[in-house]
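Report on the structure given below.
The values are calculated or read from the model by the stated rules, or taken from the named source; none is laboratory data. A quick note: this is a predicted structure, and the numbers were derived from the prediction, not measured. Don't worry about glycine lacking a Cβ; one is built from the backbone with ideal geometry, like all the others, and counts go over all protein chains shown. Note: areas computed on protein heavy atoms with side chains; ligands, DNA, RNA excluded. Shrake-Rupley method; radii C 1.70, N 1.55, O 1.52, S 1.80 Å.
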Amino acid sequence: MRTVPLDITAAASAALPRAPRTTADRCPTAIALHPAADGLIARVRLPGGRLTPAQARLLAAWAPGDDERIELTGRGNLQLRGLSADQSGPLAAALHGAGLLPSEPHDQARTLVASPVAGRLPGAVMVDAILVAIDAALCEAPELTALSGRFLTAVDDGTGAVDVAAADVALVPAGRAHPRVSGRPRPAGAFSAAAIENVLAGERFALLVGGRATGLVDAAEAPAAVIAAALAFVQAAAGTAWQVRELPDGGAAIRAALVDDGVVESLGAARVSFRRSALPPLGRGQQVDGRAFVRASSVLGRLTAAQLLAAAEAAEQGHTDLRIATDRTLTLVDLAPKHATAALERLAAAGLPVDDADPAPGLTACAGLG
């Protein structure tokens, strides 16, 4: 199991232009708040968009009143705005206690996206365990504190609901749609490999770096491959690039090293195709296991505390969690039919659009200065 960066040689690193990254990362975090006209903004990163009802209640408590002070971002995170400087420390402590800030130095690096209904539609692969494992492994790698808030990791479930081509590092299921490439057995590693194997035994993933397919990896080793790619980027970038595409070679040296070092198997004659598809419509949808999911939109990507509380209550009643998607929607998964009906009614009563016929989901605006 690789725990140190790959040897991306100096030839690629030395030629890096200094222009792309000349200032400190100014993406908001839960610790480094961003100034705006209405106060400070804290960005709470939610890998895979996951949020438990208890965590949602906590965040709602930091946005009191009827103002829309909670924002859903285009990367499935959540922002609190209108904060004061003296709230910064207590907020960080509260987030840490709720499991929303597992590692302060890694906070800006924890940008992981996935479909809110990953693994729950026909033909999809259940990738929840992989997301959890990637996040845990990322927080254990000291070198990855150098990743910027712009660095994006995506895990697709085979439906194309996330834009893996735009991500810096991505995983796409390959085992069910493509011939398997034979190779030497790969021992189970760390990062909850056993748990992943229980769910995804025999499944293979294509690893993408800089939007290009790099090689194939078994499901149990997929999180380790993502971490190896991120470590290689940090070494290659040497603090002068925000994302893989800003490297002079677009990440070619990283892709070659991942194959040469045996982190992934060469694609050989195999070809991995990936596509984009829309997320399911708003409202109620059917899962392959017979249960249901419910999706509601925000208005201009903003929520009131009362709306977030309503979503938390619906999730709590349905014994599930909330998922923030990249299209600024809220999703509740794994619901029994009666809980799906109640959740839909509760979200609609809170003023959240639950039908694509509603014009609100078609509107967008920059959060701006407030």
For LEU144, the lone unmet condition from (1) touching a helix residue (DSSP H, G or I) at 6+ places or on another chain (Cβ under 9 Å); (2) surrounded by fewer than 21 Cβ atoms within 10 Å (Cβ to Cβ); (3) of a type outside the set (S, T, N, Q) is (2)
Looking only at residues in region 229-247 that are out of contact with any Lys or Arg (no Cβ under 7 Å at 6 or more places or on another chain) and closer than 15 Å to GLY211 by Cα, which one is surrounded by the fewest Cβ atoms within 10 Å (Cβ to Cβ)? ARG245
Which of the residues that make up region 267-298 are farther than 27 Å from ALA165 by Cα and charged (D, E, K, R)? ARG284, ASP289, ARG291
Please go through region 215-260 and give me each residue that is of a type in the set (Val, Ile, Thr), under 20 Å from the mean Cα position of the chain (by Cα) and over 20 Å from ALA136 (Cβ atoms), ordered by number. VAL244
Among (1) of a type outside the set (S, T, N, Q); (2) farther than 22 Å from LEU279 by Cα; (3) open to solvent by 10 Å² or more (accessible area, probe 1.4 Å); (4) touching a residue at least 40 places away in the same chain (Cβ under 8 Å), which single condition is ARG81 missing? (3)
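Before we move on, is GLY285 modelled with pLDDT of 95 or more and within 29 Å of GLY123 (Cβ to Cβ)? Can you show your working first?
On the way: modelled with pLDDT of 95 or more: yes; within 29 Å of GLY123 (Cβ to Cβ): yes.
So GLY285 fits the description; yes.
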Members of region 27-64 that are aliphatic (A, V, I, L, M), open to solvent by 10 Å² or more (accessible area, probe 1.4 Å) and at pLDDT 95 or above: ALA54, LEU58
Count of residues meeting criterion [of a type in the set (Val, Ile, Thr), outside any loop (DSSP other than H, G, I, E, B) and open to solvent by less than 30 Å² (accessible area, probe 1.4 Å)] in region 302-358: 4
Filter region 125-175 down to the residues that are β-branched (Val, Ile, Thr) and within 17 Å of CYS27 (Cβ to Cβ) and list them by number. THR145, THR153
From the list ASP67, ASP135, which residue is open to solvent by 10 Å² or more (accessible area, probe 1.4 Å) and farther than 30 Å from VAL272 by Cα? ASP67
Among (1) part of a helix (DSSP H, G or I); (2) at pLDDT below 95; (3) within 22 Å of ASP156 (Cβ to Cβ), there is one condition ALA236 misses while meeting the rest; what is its number? (3)
If a residue must be under 14 Å from LEU33 (Cα atoms) and not charged (D, E, K, R), how many such residues does region 63-92 contain? 13
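What about LEU121, is it open to solvent by 30 Å² or more (accessible area, probe 1.4 Å), among the hydrophobic types (A, V, I, L, M, F, W, C) and assigned to a loop (DSSP other than H, G, I, E, B)? Write out each step before concluding.
Numbers: open to solvent by 30 Å² or more (accessible area, probe 1.4 Å): yes; among the hydrophobic types (A, V, I, L, M, F, W, C): yes; assigned to a loop (DSSP other than H, G, I, E, B): yes.
For LEU121, the condition - open to solvent by 30 Å² or more (accessible area, probe 1.4 Å), among the hydrophobic types (A, V, I, L, M, F, W, C) and assigned to a loop (DSSP other than H, G, I, E, B) - is met.
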Can you name the residue in region 34-88 that is of a type in the set (Gly, Ala, Ser) and part of a loop (DSSP other than H, G, I, E, B) and, of all such residues, is farthest from ALA312 (Cα to Cα)? ALA37
For region 251-292, give me each residue that is touching a helix residue (DSSP H, G or I) at 6+ places or on another chain (Cβ under 7 Å) and either surrounded by fewer than 18 Cβ atoms within 10 Å (Cβ to Cβ) or not small (Gly, Ala, Ser) (or both). ILE254, LEU258, VAL263, VAL264, SER266, PHE274, LEU282, ARG284
Any hit, region 183-202, residues being at pLDDT 90 or above, open to solvent by 10 Å² or more (accessible area, probe 1.4 Å) and either among the hydrophobic types (A, V, I, L, M, F, W, C) or farther than 27 Å from VAL288 by Cβ (or both): no
